[in-house]
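Student: The structure's right below; bear with me while I get my questions together.
The values are calculated or read from the model by the stated rules, or taken from the named source; none is laboratory data. All values reported here derive from a predicted model rather than from experimental measurement. Ideal geometry is used to build each Cβ from the backbone, glycine not excepted, and the neighbour counts take in all protein chains shown. Heads up: the accessible areas ignore ligands, DNA and RNA and are worked out on the full protein's heavy atoms, side chains in. Shrake-Rupley method; radii C 1.70, N 1.55, O 1.52, S 1.80 Å.
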Amino acid sequence: MSLAFCGNDNNSAAYNVDAGVLNNGCFLDALTVVPHVFLLFITFPILFIGWGSQSSKVHIHHSTWLHFPGHNLRWILTFILLFIIVCEIAEGIVSDGFNQSVHLHLYMPSCLAFMAAITSIIYYHNIETSNFPKLLITLLIYWVLAFVSKTIKFAKYTEHGIGLRQLRFGITGLLTLLYGLLLAVEINVILRRRYMCFAHPTEVKPPEDLQDLGVRFLQPFVNLLSKSTYWWMNTFITTAHRRPIDLKVIGKLPIAMRALTNYLKLREAFEAQKRPQGTQPQGPKWIWTALRQAFGKPLLLSITYRFMADLLGFAGPLCISGIVHHLSKENHTIQPPVKHLGIYFISSQEFLANAYVLAVLLFSALLLQRTFLQASYYVAIETGINLRGAIQTKIFNKIMRLCTSNMSMGGMTVGQICNLVAIDTNQLMWFFFLCPNLFAMPVQIIVGIILLYYLLGISALIGATVITLLAPVQYFVATKLSDAQKSTLEYSSERLKKTNELLRGIKLLKLYAWEHIFCSSVEETRGKELTSLQTFALYTSISIFMNTAIPIAAVLVTFVAHVHLSDDGDLSPAVAFASLSLFHILVTPLFLLSSVVRSTVKALVSVQKLSEFFSCDEIGDEQEPRATVLPNSSNHNKYQALPLKVVNRKRPIRDDWNSFTFQSEQEDEPLAVLDEDICIKITNGYFSWTDGTPTLSNVNIKIPFGQLTMIVGQVGCGKSSLLLAALGEMQKISGTVIWNSPTDAAAEWDIRKRGAVAYASQKPWLLNTTLAENITFEMPLIKQRYRAVIEACSLEPDIDILPQGDQTEIGERGIILSGGQRQRIGVARALYQTTNVVFLDDPFSALDIHLSDHLMQEGILKLLREEKRTVVLVTHKLQYLPHADWIIAMKDGSIQTEGTLKDIQNSQPELFEQWKTLMHRQDKEFEKETVDENMTVLERKNLRRAMYSREALKTEVEEEEQSVESDEEDNLSRVMRLRATIPWRSCGTYLSSAGLLLLLLLLLSQLLKHSLLVAIDYWLAHWTSKVITAKIDAAAHNCSLVQDVGFSHSSYLLVFSLLCFLGIVLCLATSVAVEWTGLRVAKELHHNLLNNIILAPMRLFETTPLASILNRFSSDTNTIDQHIPATLECLSRSTLLCVSALGVISYVTPFFLIIVIPLAITCYFIQKYFRVASKDLQQLEDSTQLPLLSHFSETVEGLTTIRAFRYEPRFRQRLLEFTDANNMASLFLTAANRWLEVRMEYIGACIVLIAAVASITNSLYNHLSTGLVGLGLTYALMVSNYLNWMVRNLADMEVQLGAVKKIKALLKTEPENYEGLLSVSQVPEGWPQRGEIQIQNLSVRYDSTLKPVLKHVNAHISPGQKVGICGRTGSGKSSFSLAFFRMVDTFEGRIIIDDIDIAKLPLQTLRSRFSIILQDPFLFSGTIRFNLDPEMKATDSMLWEALEIAQLKPVVKTLPGGLDAIIAEGGENFSQGQRQLFCLARAFVRKSSILIMDEATASIDMATESILQKVVMTAFADRTVVTIAHRVHTILNADLVIVMKRGVILEFEKPEVLLNQEDSVFASFVRADK
């Protein structure tokens, strides 16, 4: 058959031009070719050749600057144009089917139009991004030509009476309209940008974001196509494969998305609601309204997109119904089309009766639906993230103004505030994500039910009722789930508390052989936790079961009803499979329902909490009605929050600073009289923390400029409160606080506003940054000054110990430092600042005498005095009073006296005398204090140990990260390869922990369930096809009903019901199996982990930070408990559904397999790239959240310091940086998820198209049964839903298996060798009875890889001897004591105690027979009885006796409950000294014949220590005592002294012998100690 443009039929009317050329249909079509050819010819050379030479006038980094007016409209119109042209092509091909020969003119012009439309948009895009508007003239000409040619064609059609009945008329009309609109858009560009016909073109500047190289999040700036397909993310996701994504890679947030921008938006919304009187409305409604005003618009957009997507979603079932219906029509004859202008025209009914047309329509509808759905998700999530940033900023600004009393009086705890940030803002964000569902669900359900009714009649309503009745059940299960989760959380936090104590006290537990007692206590709590996890698992499995079983049940009920109710039992494949798809659509909103309702409830609670927090008291602020200002408060009205009782009614609210006049009401002296040399003056001050009685009353003080003022008084008399009152942190009831500015030309406001004050609080507050940054505190580093400050605070030796010197990160709250070191850093910060005023609150409390003296002399008297700074010092050390220029003595919240020391000596002689005696006593103490090894040296020693272990860990982690550092490039590619592979090993570990039986059950149930689901649908296809055959038979026999042909539904129905019931049962089985497996694994892994950790050698705890071991027990265990089972279920379900669907389609049309291969390859690469990027982004989101949360808790803890320093703006700035970093990661993660989903959905749509075309062809030519066509299409639709679920779950699973991997790494730890050569029964009952110790050639090291710490030590200690060991730090004293307990690796020599070599004993037995007192006292939370004797072996009288020996009996007697009194975590409710005494008592309870004291009296004052020494001598007269001394005078009366150096014994003799030898090391120690 030869091709001809107008066809070559015999009666070739196509070439007939008698009535004029324009009345020939073929010529009209030819005419429309002209514009398209013109465009293609002109633009191709420009696009391909001339592009390189075109240069842009504005050079910007990103090629995404869209600045032509009408940009989005043009893209939308082009998309519509393309769709209509496709319809035109289809219409042409269908109508050509009625001709004898091929008429090219029916569809060739439209093919060219399609190419031209695509070219036009590519051309436009290139011109726009390169900013070369003059070239747009081509497009202008094209639109004019196209518009004209279409108008002519349309006019001729109308002239010949062709109307809307013919489809081509409608299409031509629409095209004319579209070309006209595009022409209008083009003219608009000329008018607005004036690039032609005008002398001066309009200048446009690119937006700020695009000029900034750091902005990499381009979603708001790219064109519509790239926006909807996330095309701009391609490079980002593919590069993740080559280098990991970090904060540098994701860059900065665009301005519109920054937390600050959104906060201002939110603040405006809050401001807009202010009442005319300026008061702020309260309550949750106020917050909701503000959120609606600030973020309502984008949410509306998201809801609109969602509606469009949901309505388009119904195209699937309708198209399936249409396709199957048309294929099952008995005769394929349609009335012949109408002929006009010599060509055929068809109506839209005929057009839509073509199965292929429906397949293409289905494909387009799917593409559109998926695009709208993802757009809706994206907009909702972006809005949620913006909202979270805004609310976090608002919370932070509120924190900055909170009253300190709220914090200290328990109004708001740090925990509550951190929860607001971590939990409640996220709840609101989630609510915004799910918000579109709230509106879309009802619409989806209503439309779905209407369509079902249209297909199935009344029986549809019965099926829908089944679904709707189960919705409340779903909700009930969801609430039960959250309850179970809460109780699980309670148990797990209790378990964590116990685990934390166990890990912190692990050394003690091992030394006392108590690890099993504590281990079983943790196991017991874990048991409770697992019970509530079981409930959780039960409800989860019910929920999963309902998700899969409800659709089956609904379909079963519907079809049973349909067969019985409808008389002719019309159950054609078209109806059956369309309704099947509809049920699948209907079920989705009902599952979401429970989570959406729960999310809404949580959001309401969160907003309630937020509104309570926002209405907390503030330190006076401009907008707050409470901060009504007393007219005489001449200073700080900005900072004083006043209770309303004392409001001066004459002046309601402060107007403006300058119109502020002083009324002399309570105070007559005018301001000018304020002495020039007074810095702060408080007159008649009454201050309180809460609204109750004043803490400070009748305060009248002056603090002189540039001088040292000391505040003294007993504990609790209000010294610290006085400082805070001066800083404006307390509620002022009455009186005035005046700050004077040092400059003469002080402006009026200077007097009332205080400047920054360097404030060192009593409890030092440190930031989680480097030590140097803690001292400079955001000030520039001036080397000389910095060194002087460090010297004054004696921080040099401490810095030397730290691995990176002053660049070492100090953990949160200064975790790795001791109290004294923290305090000195706090003081150093105050000294380093250049403020005029310095407040030091008891800076000496945690320092020993030497450091205090050094700090006083070098820091306060030298550094601060020289700079003429005003210093206010609160102290208990009265010996420094002579240095003071001014002294304020306080008593019970009021001022006892103030003046110089001389004034006080004259005016209050008895107070002066009292001071004098105290000074004398403190000087005495000074003489007694040792020179050599005092507290500080001890602290440094501990620090060195802590740092050594942290360092070791760091290197281990680095080794783990990059085991081979040989070849940089090669190594990097290896790491990248590792990132791209799925952790199958961890998956194996996880599944193997479940045991073989469960695994088999899991696999079999899953496979069976999915086979059954396919069987149900296959049977439906078989049944409905039989109905059709029966119908054809009936028609042949002229019977009205199918029943008359002997066809019966009952047998089919029976099999169908049986299969459905089996399916439902199997659904239950699989959901239970998955959760059961999860529980079993959780139980196994935790049990193994705990037991491994308990038996691990001490070395593990010294080299691994506690936090990282705790993380295995907290977050990793939680992941394994709650997250992995759900992900595993989802993953297996979506994977098996996809596999079964592809199997079914391939069975229906085997040809499909060939075409699916390229799609499968595409899929593989997409998921491969996505998984890597997603993993990085998830980790990045988690890691950026931590600094944000710790910044909040740090700020809350250091509120007074920040406000004293006036550093609020700096901290706000840091908050904004942290929030933006976190939001940036969240946004990229969202965009990456959308990137994946759009691609997977498009692949799904392609699968639907291929399946549809293949099965239609198969049915038309190979007589494939229509039921199978329906089956294939229904499954094809399912694939597109589950493809992206599969990949998303795979990515999640990969991240979650990381937890298993980390736990597995810890499980590899070799335990200590607990088994001895002797069994427990072979060890004599009371061993060691005498306590004789022989040490022979002993060499010891901490680890086989390290150097020995004791070398060839020999010693013999007779029974009952008291031995003292001394030596400098690091000489091996402590290692010596640990060797008795086999806590260190003895690789040579042996220790023989009472004739038994301790290496042969079981560890448990060995350690349970000795007592040791460690230098760090450790108490467990629980009763005193439990702390002294966890094994519950001792009687009460024995415990009281031990307490009496330890000087604690009077203390414990006064406590409520006596021995059963509770000790707080870490013994917080006792002083350091008392804790040490409890540890002594603990050792006395265990009546062993050998006692080892490891520097046990370090934190006890001299008097108590001497009593203890006596007690030990008497109570342990008959036992062997080994004392490791830190003050040499404590071992002067020992029987033997061992002096050690670098792991070797230097001297081993009686002390008196050594003292008589002038050159002995011991003698030199004693001399130094004098």
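Student: Roughly how many nanometres apart are two label points built 7 Å out from the Cα toward the Cβ at residue 1336 and residue 678?
Tutor: 8.3 nm
Student: Which chymotrypsin sites (Phe, Trp or Tyr not before Pro) in the stretch 1305-1413 sit in a loop by DSSP (not H, G, I, E or B) and have at most 16 other Cβ atoms within 10 Å of their own Cβ?
Tutor: Details: sites: 1314, 1342, 1376, 1380, 1381, 1387, 1410; in loops: 1314, 1342, 1380, 1381, 1410.
In loop regions of the stretch 1305-1413 (DSSP not H, G, I, E or B), the sparsely surrounded chymotrypsin sites (Phe, Trp or Tyr not before Pro) are 1314.
Student: Between residue 274 and residue 422, take the C-beta separation as r, use R0 = 41 Å, and let me know the FRET efficiency to the nearest 0.05.
Tutor: Working from the Cβ atoms, E equals 0.85.
Student: Show me, for the stretch 347-354, the HN-Hα J-couplings you get by feeding each phi into the Karplus relation (A = 6.51, B = -1.76, C = 1.60, θ = phi - 60°), rounded to Hz, glycine and proline as x.
Tutor: My calculation for the stretch 347-354 gives 8, 5, 4, 5, 4, 6, 7, 8 Hz in order.
Student: Right, another one. Using label points projected 7 Å from each Cα along Cα→Cβ, tell me how many nm separate residue 1260 and residue 999, to one decimal.
Tutor: Here the modelled spin labels are 5.1 nm apart.
Student: Return the subset of 507/763; 507/1433; 498/1449; 394/681; 285/602; 783/877 for which the Cα-Cα distance in this structure is over 24 Å, preserving the input order.
Tutor: Values: 507/763 28 Å; 507/1433 21 Å; 498/1449 28 Å; 394/681 35 Å; 285/602 15 Å; 783/877 31 Å.
Violating the 24 Å Cα-Cα cut-off are 507/763; 498/1449; 394/681; 783/877.
Student: Given a Förster radius of 30 Å and the C-beta distance between residue 141 and residue 22 as r, what FRET efficiency does 1/(1 + (r/R0)^6) yield to the nearest 0.05?
Tutor: On the way: r = 22 Å, r/R0 = 0.74.
Plugging the Cβ-Cβ distance into 1/(1 + (r/R0)^6) gives 0.85.
Student: Could you pull the Rg and Dmax for the stretch 247-296, using just the Cα atoms, both in Å?
Tutor: Cα-based Rg and Dmax for the stretch 247-296 come out at 14.4, 49 Å.
Student: From the phi of every residue in the stretch 1128-1144, what ³J(HN,Hα) in whole Hz does the Karplus formula 6.51 cos²θ - 1.76 cosθ + 1.60 yield, where θ is phi - 60° and glycine or proline is x?
Tutor: After applying 6.51 cos²θ - 1.76 cosθ + 1.60, I find 4, 4, 4, 5, 5, 5, 5, 5, 5, 4, 4, 4, 5, 5, 4, x, 4 Hz.
Student: Another question, if that's okay. So what is the diffusion coefficient of the chain in µm² per second by Stokes-Einstein at 37 °C and 0.692 mPa s, using a Kirkwood Rh over Cα pairs? Can you show the working numbers first?
Tutor: Working: Rh = 39.8 Å.
Answer, rounded: 82 µm²/s.
Student: So for the stretch 479-548, averaging the separation of alpha carbon pairs under 8 Å that are six or more residues apart and normalising by length, what relative contact order in percent results?
Tutor: Values: 36 pairs, mean separation 36.9, N = 70.
Rounded, it is 53 percent for the stretch 479-548.
Student: What is the pair-distance distribution P(r) of the stretch 1239-1278, computed from all Cα-Cα distances in 5 Å bins starting at 0, with each bin given as a whole percent?
Tutor: Reading the bins upward from 0: 6, 27, 30, 19, 11, 6, 2.
Student: So who's got an amide H within less than 5 Å of the one on residue 215, skipping anything under 5 residues away but keeping other chains? H placed 1.01 Å off N, in plane.
Tutor: Sorted by chain and number, the residues that satisfy this are 252.
Student: Leaving out ligands, DNA and RNA, and with a 1.4 Å probe, what % of the accessible surface on the chain is carbon or sulfur? Walk me through the numbers on the way to the answer.
Tutor: Details: 40280 of 66480 Å².
The computed percentage sits at 61.
Student: If you don't mind, another one. Hey, got the dipole for the stretch 1118-1257? About the Cα centre, +1 on K and R Cβ, -1 on D and E Cβ, debye to the nearest 20?
Tutor: Values: 11 positive and 12 negative charges, 54 e Å.
Dipole magnitude for the stretch 1118-1257 comes out near 260 debye.
Student: Any chance you could list the semi-axes, whole Å, largest first, of the equivalent ellipsoid that the Cα gyration tensor gives for the stretch 1143-1213, using √(5λ)?
Tutor: Values: eigenvalues 651, 22, 12 Å².
Result for the stretch 1143-1213: semi-axes of 57, 10, 8 Å.
Student: Local charge sum around residue 1341 (other residues, Cβ-Cβ under 11 Å, Lys/Arg +1, Asp/Glu -1)?
Tutor: Working: positive: 1099, 1347, 1351; negative: 1343, 1385, 1388.
After counting each charged neighbour, the total is 0.
Student: I've got another one for you. Above 16 angstrom, tally the Cα pairs of the stretch 366-457 and express them as a % of all pairs, no decimals. Intermediate values should be presented prior to the final figure.
Tutor: Working: 2883 of 4186 pairs.
Taking all Cα-Cα pairs of the stretch 366-457, the fraction more than 16 Å apart is 69 percent.
Student: For the chain, find the longest principal axis of its Cα atoms and tell me its angle to the long axis of helix 284-313, 0 to 90°, nearest 10.
Tutor: 40 degrees
Student: I need the fraction of alpha carbon pairs in the stretch 1102-1176 separated by more than 16 Å, rounded to a whole percent. Don't skip to the answer; put the middle values down first.
Tutor: Numbers: 1989 of 2775 pairs.
Here the long-distance tail beyond 16 Å is 72 percent of all Cα pairs in the stretch 1102-1176.
Student: Over the Cα atoms of the stretch 503-586, Rg to Rh with Kirkwood Rh, two decimal places? Walk me through the intermediate numbers first.
Tutor: On the way: Rg = 27.7 Å, Rh = 17.9 Å.
Rg divided by Rh gives 1.55.
Student: Which number do you get for Rg(Cα) / (2.2 N^0.38 Å) in the stretch 1005-1111? Don't skip to the end; give the middle numbers.
Tutor: Numbers: Rg = 29.0 Å, N = 107, 2.2 N^0.38 = 13.0 Å.
Dividing the Cα Rg of the stretch 1005-1111 by 2.2 N^0.38 Å gives 2.23.
Student: Taking the convex hull of the alpha carbon atoms in the stretch 102-181, what volume per residue do you get, in Å³? Present the calculation step by step, with values, prior to reporting the outcome.
Tutor: Values: hull volume 7.5 nm³, N = 80.
Per-residue hull volume (Cα only) is 94 Å³.
Student: Take the alpha carbon atoms of the stretch 1361-1437, find their center, do the same for the stretch 117-148, and report the distance between the two centers in whole angstrom.
Tutor: If we compute the Cα centre of each part, the gap is 88 Å.
Student: If you project the alpha carbons of the stretch 1279-1324 onto the principal axes, what extent comes out on each, in Å, largest first?
Tutor: 74, 15, 11
Student: Tell me the net charge near residue 1332. Cut-off is 9 Å between Cβ atoms, residue 1332 excluded, with +1 for each Lys or Arg and -1 for each Asp or Glu.
Tutor: Numbers: positive: 1330; negative: 1394, 1395.
Combined, the nearby Lys, Arg, Asp and Glu give -1.
Student: Still on this model: Using only the Cα atoms of the stretch 84-135, what semi-axes does the equivalent ellipsoid have when each is the square root of 5 times a gyration tensor eigenvalue? Give whole Å, largest first. Display every interim value, and only then the final one.
Tutor: Working: eigenvalues 234, 15, 5 Å².
Largest first, the stretch 84-135 gives 34, 9, 5 Å.
Student: Compute and list, largest first, the equivalent-ellipsoid semi-axes of the stretch 1206-1341 from the alpha carbon gyration tensor, each √(5λ) rounded to a whole angstrom. Present the calculation step by step, with values, prior to reporting the outcome.
Tutor: Numbers: eigenvalues 888, 232, 23 Å².
One finds semi-axes of 67, 34, 11 Å for the stretch 1206-1341.
Student: I would also like to ask the following. At 0.36 nm per residue, and after removing the present C-alpha to C-alpha distance, how many nm does the segment from residue 115 to residue 517 gain when stretched out fully?
Tutor: Details: separation 402, 0.36 × 402 = 144.72 nm, distance 7.96 nm.
136.8 nm is the gain from fully extending residue 115 to residue 517.
Student: If Rh is defined by the Kirkwood formula over all Cα pairs and Rg also comes from Cα, what ratio Rg/Rh do you get for the stretch 434-512?
Tutor: Numbers: Rg = 25.2 Å, Rh = 17.3 Å.
Reported Rg/Rh (Cα atoms, Kirkwood Rh): 1.46.
Student: On the Cα set of the stretch 1054-1185, report Rg and Dmax in Å, please.
Tutor: Looking at the stretch 1054-1185, its Cα Rg and Dmax stand at 22.0, 69 Å.
Student: Would you mind working out the accessible area per residue for the stretch 1134-1216, using a 1.4 Å probe, and quoting it in Å²?
Tutor: Counting only protein heavy atoms, the per-residue value for the stretch 1134-1216 is 38 Å².
Student: With both partners inside the chain, how many of the DSSP beta bridges are antiparallel, as a percent to the nearest 5?
Tutor: Numbers: 46 of 81 bridges.
Here the share of antiparallel DSSP bridges comes out near 55 percent.
Student: In a solvent-free Debye calculation with one equal scatterer on each Cα, what is log10 I(q)/I(0) for the stretch 418-467 at q = 0.20 Å⁻¹, listed in the order of the q values?
Tutor: With one equal scatterer per Cα and no solvent, log10 I(q)/I(0) is -0.70.
Student: I've got another one for you. Taking θ = phi - 60°, what integer Hz values does the Karplus form 6.51 cos²θ - 1.76 cosθ + 1.60 yield along the stretch 907-919, in sequence order, with x for Gly and Pro?
Tutor: Going residue by residue, I get 7, 10, x, 5, 5, 4, 4, 4, 4, 4, 4, 5, 4 Hz, with x marking Gly and Pro.
Student: Continuing with the same structure: Expected output is a single nm value to one decimal: the length gained when fully extending between residue 439 and residue 1080, i.e. 0.36 nm times separation in residues minus the C-alpha distance. What is it? Let's see the in-between values first.
Tutor: Details: separation 641, 0.36 × 641 = 230.76 nm, distance 4.06 nm.
Length gained, residue 439 through residue 1080: 226.7 nm.
Student: Rounded to the nearest 0.05, what FRET efficiency do residue 300 and residue 1465 give with R0 = 41 Å and r taken as the Cβ-Cβ distance? Could you check?
Tutor: Numbers: r = 50 Å, r/R0 = 1.23.
Taking R0 as 41 Å, the efficiency between residue 300 and residue 1465 is 0.20.
Student: Continuing with this model, one more query. Search the structure for amide H atoms under 5 Å from the amide H of residue 1423, placed 1.01 Å from N in the peptide plane, and list their residues when 5 or more places away or on another chain.
Tutor: Distant-sequence amide H within range of residue 1423: 1463.
Student: Assigning unit charges at the beta carbon (Lys, Arg +1; Asp, Glu -1) and nothing else, what dipole magnitude in debye, to the nearest 20, does the chain show about its Cα centre? Present the calculation step by step, with values, prior to reporting the outcome.
Tutor: On the way: 141 positive and 145 negative charges, 409 e Å.
The dipole of the chain has a size of about 1960 debye.
Student: Evaluate the distance, in nm, between pseudo-label points positioned 7 Å from the Cα of residue 804 and of residue 763 along their respective Cα→Cβ axes.
Tutor: My value for the distance between the label points is 2.8 nm.
Student: Rounded to the nearest 500, what is the chain's calculated 222 nm mean residue ellipticity when only DSSP H runs of at least 4 contribute -39500 (n - 2.57) each, over all residues?
Tutor: -20000 deg cm²/dmol
Student: So what are the radius of gyration and Dmax for the Cα set of the stretch 202-315, in Å?
Tutor: Looking at the stretch 202-315, its Cα Rg and Dmax stand at 19.5, 60 Å.
Student: Okay, moving on. Please give the Cα centre distance for the stretch 1507-1570 versus the stretch 995-1067, rounded to the nearest Å.
Tutor: Value for the Cα centre distance between the two parts: 93 Å.
Student: Compute, for the stretch 474-571, the length of the dipole vector about the Cα centre, with Cβ point charges of +1 (Lys, Arg) and -1 (Asp, Glu) only. Units Debye, rounded to 20. Please list the in-between numbers first.
Tutor: Working: 10 positive and 11 negative charges, 198 e Å.
For this selection, approximately 960 debye.
Student: Also, I was wondering about something else. Could you work out how much longer the chain between residue 1568 and residue 693 gets when fully extended? Use 0.36 nm per residue separation minus the Cα distance between them, nm to one decimal.
Tutor: Working: separation 875, 0.36 × 875 = 315.00 nm, distance 5.31 nm.
Taking 0.36 nm per residue and subtracting the Cα distance, the gain is 309.7 nm.
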